Structure formats: structure tokens, C-alpha cells
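The values are calculated or read from the model by the stated rules, or taken from the named source; none is laboratory data. Computed from a prediction, not measured in an experiment: that's the story for all the values here. Neighbour counts run over all protein chains shown; Cβ positions are idealised from the backbone, glycine included. These area figures cover heavy atoms from the full protein model, side chains too; ligands, DNA and RNA do not enter into them. Shrake-Rupley method; radii C 1.70, N 1.55, O 1.52, S 1.80 Å.
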Amino acid sequence: MNRFLTDAKIIQAELGEIRRDLHRHPETGMTETRTARIVADYLKGLGLSVREGVGGTGVVGLLYGQRKTRTVAFRADMDALPMTDRTAGEHRSRIDGKAHACGHDGHTAMLLGAAALLRRGAETLEGNVKFIFQPSEERLPGGALPMIRDGVLDTPRVDGLFTCHVHPGVPQGSVMVTPGYCTVSSAGFTLEVIGKGGHVALPHQAVDPIVMAADCINAAQTIISRRTDPLDSIILAFGTIHGGTANNIIPDTVTLEGTIRALSPKQRDRVVAMFRETVEATARKHGGDFRLDVRMEYPSVYNALGMVSILREAAAKVVGASRVICTERPFMGGEDVAYFHERIPGAFWFMGTGNPDMGFDHPLHSPLFDFDETVLSLGAAIHAQCAADFLSATVVPRVPGAETRRQGCEASRNRP
Ligand SMILES: [Zn+2]
Ligand SMILES: [Zn+2]
């Protein structure tokens, strides 16, 4: 058996206890003080150098290796969601309206386990390992940027980053990764269409924002269907429309809300620009006006092929090659680990937790989401193996953004 997995199985019960404790006491974005204290105490107990209060409630542990030439980092998010936990276990949330329904309690326990595994053989490590415990992944603008501003990627400079997320859509014990872009870049918008109110019997004295809004919706449909590459995955959708108070009054304004999602931030920004042009032309045609407020959300996570290659090989050593799935299908959600990947090569991967026989098949963010804790030792061992393999690799993976998604799984197979 893989040496890290052998050691991880010894601490499995301890990791389970930590995870259940965090699960009972969930803390939402930027209030993770109890969680941060538990993390910092554990890392200090291992003898690591620990920085607290990084970018808010973030904690960073640093393990110095034999040679200090290269540094590999791992990131776990610590925050819970503002929702009710409806799982049946004894570890159910004790805090009303807060739940670890995205598995971040598991990510935290897994990474603490990896620190314990790597601490044991630190003298043989070819470089340093940084353990990043991040606050507030779920709540915009996220905890990654404040940590970056607080120097989490500096002194020593991080050369590569691995991040695990649990995934109930992948069989328990399997690993899944997507080379290239693996999550979407999104933007939320509020569009206020401004006309001139009046009596429905006197439309020539008014500017009807309802007709303008309908025209904007129709015109927007051709942005994706006629002006973007059909092979790109892009979404432009309206979610709300509100305007008017009575059937015989032309209102002053109509307000619409919607979302734009694309695989790369560049594509998203292009669609946002086209949407603004379209709305402007439509408003001008009607003699009206508009206000468009666009809120950029997380950019896409880009998985560097060299990092995916190291992850795939390391994971195969722990769970076996047949349980390492490479897919070119991205995950249409967002993740703020993207901000780290914009600066350093990274691999964001999924640890499968799906097990319908045990009732662990509820999706992330479901009040019933839960998983079997044996994945904690698997995740810890994969992290540790990734650290050892990254630090002993002869070639450092390429900088982010140097490759395109279409090179895919085949290209990441044996890539330095
Ligand atoms: Zn989530
Ligand atoms: Zn999550």
C-alpha cells in the first residue's frame, strides 16, 4: 500500500473527529474564528510555523523541507453555508441556520491530515509545503483575494497549488479532474430600462419601458446564438423582470436581472461588452435610456496541464489508476481558488463522495449533503503524495494560461 495511505489510515479516526467537530460548529464567511483556532492549534502542535489572521480569519502553516528551493501549497476552504442542516447524524449542526453543506469541514480535516503525514518525513522533502486555510469561499467577494493581498503566496513564494473539493457526483474514493478551464466565470447584472411614464391612451406622449425591455430581451438572444462560437459554453439569461403598477399606466422604468457565464473571463467580458452595446442601441432606438450595473463574480479556475499530470499520477499511487477520472467537461459552478490559479500554476480536483447505498448522493448545497469519512484519509494521502511528487519533479509546471483547454486529458497524461 502507498506509504502515505498507510499512515493516513492510522489517523483516520482523528480526522473524522475533527471533521465532525467542525460540522457541529459551522461558521460562515469571515466569522471562522473557532475553526481557525482549531486549525492553528493543530498545526502548532505539529511544530509548523503558523500565521493567523491572514486576509481575515485565514490560517497558513509552513513546513520547511530539507532544501528550500521550491514551495508547493495546498488550499482548504473553512466556511459553512447560511442554511439549515437536515442530515440525521450525531454530527448534525448545532448552530441554527448554518451548515457545512459544501464539505468544507472535510477539506479542512483532510488538509490537517496531510500536514501530519508530511511532518513525519519532512527531512526527506525536497522543498517547503504551505498549508492555506481560507475563509469565505461561499460569499462574494471571497477570501482568496484578501489572503493574496496579505502575502499568502509570498515568502516563500509558492510555485504550485493543489486544491481538493468533495463531489457527490463522483463515486466515493474516485478522483476527478478537468485540464484547462474547469469552472465558469460569471457576472450578475441589473438592467434598468428607463422610459417616460404616461397614460396608455396617449403612447405618443410617453416612452414605453415595457416595450423597450421586451426588445432588449429579444436583442440579447442573438448575442450567444449569432455572435459567439457555438463550441464555447456561454450563458446569458434573465432571471427577473419587474415594472408597472396598473393595466392602464405606462410606467417610467422596468428592471431586469440576469447572469452571464462563460468558461474564460475573456469570453465573459466580451459578452458583457456586447450586452452593453445591444442595450444601448435598443434604448436609443426607442428614445429612452438605461442603467446597467454589472458585478463581476469569480473568474474561471484554470488547471495547468503540468499540475493536472502530477495530480493524476499522485492520485493513481493512492487510489489506483482506474479510479482517477480525467474529464474535459467543466463544472458550471464558480470557485474563488481561481484567483490563486491566475497567479501560479494550480490543479483543482474533486474527491468523489457519491455512495447511494449509504445515502450519500445528495448534491452539494443540499441540506442533506453528507459523506463517508473514509475519504478524509484518501484526500490527506493524495495531498501528501502530490507534495512529494511536485517537490521532486525535475521540471516545474508551466505558468497558468500558457495552454488551451482543447489540449485536454490526453495532453495532461505525461506532461512535466
Ligand atoms: Zn459551495
Ligand atoms: Zn465548496
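Couple of notes before you dig in:
- With helices as the sole contributors, the chain gives -10500 deg cm²/dmol at 222 nm; each DSSP H run of n ≥ 4 counts as -39500 (n - 2.57), and the sum is divided by every residue.
- Phi angles across the range 102-119 convert, under the Karplus curve 6.51 cos²θ - 1.76 cosθ + 1.60 with θ = phi - 60°, into 3J(HN,Hα) values of 10, x, 5, 4, x, 4, 5, 4, 4, 6, 5, x, 4, 4, 5, 5, 6, 4 Hz, Gly and Pro given as x.
- 10 Å Cβ shell holding at most 16 others, DSSP loop, trypsin sites (Lys or Arg not before Pro): longest site-free stretch of the chain: 158-342
- 5 angstrom amide H check on TYR181, placed H, neighbours 5+ away: ASN303, ARG405
- Virtual spin-label span in nm between ALA122 and MET1, 7 Å along Cα→Cβ: 2.6
- The chain - charge dipole about Cα centre, Lys and Arg +1 at Cβ, Asp and Glu -1, debye rounded to 20: 1020
- Theoretical gain in end-to-end length, GLU14 to ARG276 [0.36 nm per residue, Cα-Cα removed]: 89.0 nm
- Surface analysis of the range 98-207 yields an accessible area of 29 Å² per residue, using protein heavy atoms and a 1.4 Å probe.
- Nonpolar atom fraction for the chain, defined as the carbon and sulfur part of the 1.4 Å probe accessible area, stands at 52 percent.
- By the Cβ distance rule of under 4.7 Å, the chain has these cysteines without a partner: CYS102, CYS164, CYS182, CYS216, CYS386.
- Within the same chain, aspartates and glutamates fewer than 8 places from LYS98 are excluded, and of the rest, those with a Cα less than 13 Å from its Cα are GLU27, GLU32, ASP79, ASP85, GLU138.
- Long pairs among LYS44/LYS317; LYS9/LYS68; LYS9/LYS130; LYS68/LYS266, criterion Cα-Cα beyond 26 Å: LYS44/LYS317; LYS9/LYS68; LYS68/LYS266
- Note on ASP154 and ILE249: with the Förster distance fixed at 60 Å, the Cβ-Cβ geometry gives a FRET efficiency of about 0.50.
- Under 18 Å of direct C-alpha separation, and excluding same-chain neighbours fewer than eight residues apart, LYS196 reaches these aspartates and glutamates: ASP208, ASP215, ASP252, GLU280, ASP289.
- Gaussian network model of the chain, springs between alpha carbon atoms under 10 Å - residue of PRO135, PRO203, PRO356 with greatest fluctuation: PRO203
- Value of relative contact order over the chain, rounded to a whole percent, pairs C-alpha under 8 Å and six or more apart: 24
- Taking label points 7 Å from Cα along the Cα-to-Cβ direction, ALA237 and ALA88 give a separation of 3.3 nm.
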